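Quick notes on the structure that follows.
Only the coordinates and a few stated rules stand behind these numbers; no lab work does. Here the structure is a predicted model, which means the values were calculated and not measured. Please note: Cβ atoms are built from the backbone with ideal geometry, for glycine as well, and neighbour counts cover all protein chains shown.
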Amino acid sequence: MSSYLKKYIRNVKDFPKRGIMFRDITTILKDSAAFKTTAARLFEQAENLDVNKVVGIESRGFIFGSILAERLDAGFIPIRKPGKLPAETVRETYSLEYGTDSIEIHKDAIKPGDKILLHDDLLATGGTAAAACKLIERLGGKIIQVSFIIELSFLKGREKLKGYNVHSLVKYDSED
């Protein structure tokens with residue numbers, strides 16, 4: 001499956017900055033068969049988890065996260081960059097290679113005991129996903145699974161998610 005999906009992932013050199021190989025999933029999205037296959041594979045990894053909420057990280061995590069929520073008969077919750085959610089939020093700040101960034105979730109989005117599937121398109125260094133896990137747990141949610149389409153395993157982001165049930169469909173072991 002990994003080799004099938006890799007054919008549909010566009011590699012964009014030096015984006016968003018020099019030295020980065022960006023893994024673009026818009027090429028999966030525009031192909032009906034690849035889009036359906038990706039959604040089906042993500043669902044297969046989650047169908048027996050008994051989750052009641054799917055949390056998607058801005059912005060590409062919203063696409064398959066909302067599909068998963070619908071197929072799992074669960075609610076969907078967005079995690080966004082600061083200032084993008086209209087009601088009262090909770091914020092988590094995390095470290096980047098150079099500086100910090102933050103994400104937010106509505107304060108009333110998760111009830112204590114909610115069983116959560118967290119989804120994003122790509123796992124790189126793990127900072128954003130780890131911050132999302134902290135937000136979910138601060139609100140009382142129990143993370144059942146963390147899922148990604150792509151994992152850049154050479155960046156060791158999975159290490160920041162130790163203790164969580166982490167799944168990815170495609171792994172890249174190097175920048176090339």
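A compact table of results
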item	result
Other-chain or far-sequence residues with amide H under 5 Å of residue 20's (modelled H)	14, 15
Helix-only mean residue ellipticity at 222 nm for the chain, each DSSP H run of n ≥ 4 adding -39500 (n - 2.57), per residue, nearest 500	-8000 deg cm²/dmol
Antiparallel bridge percentage (DSSP; both residues within segment 49-172; nearest 5)	30
Cα centre as origin, Lys/Arg/Asp/Glu Cβ charges: segment 1-100 dipole, Debye	580
Neighbour net charge for residue 34 - beta-carbon separation under 11 angstrom, K R +1, D E -1	+4
Interchain or long-range residues, amide H under 5 Å from residue 55's placed H	77, 117, 118, 119
Ascending count of other beta-carbon atoms within 10 Å, so fewest first, for 35, 15, 22	15, 22, 35
Segments 107-113, 165-171, 70-76 sorted - mean Cβ within 10 Å per residue, highest first	165-171, 70-76, 107-113
For segment 49-172: lysine pairs under 12 Å (alpha-carbon distance), excluding those fewer than 8 apart on one chain	8
Simple label model, 7 Å out from Cα along Cβ direction - residue 171 to residue 93, nm	3.5
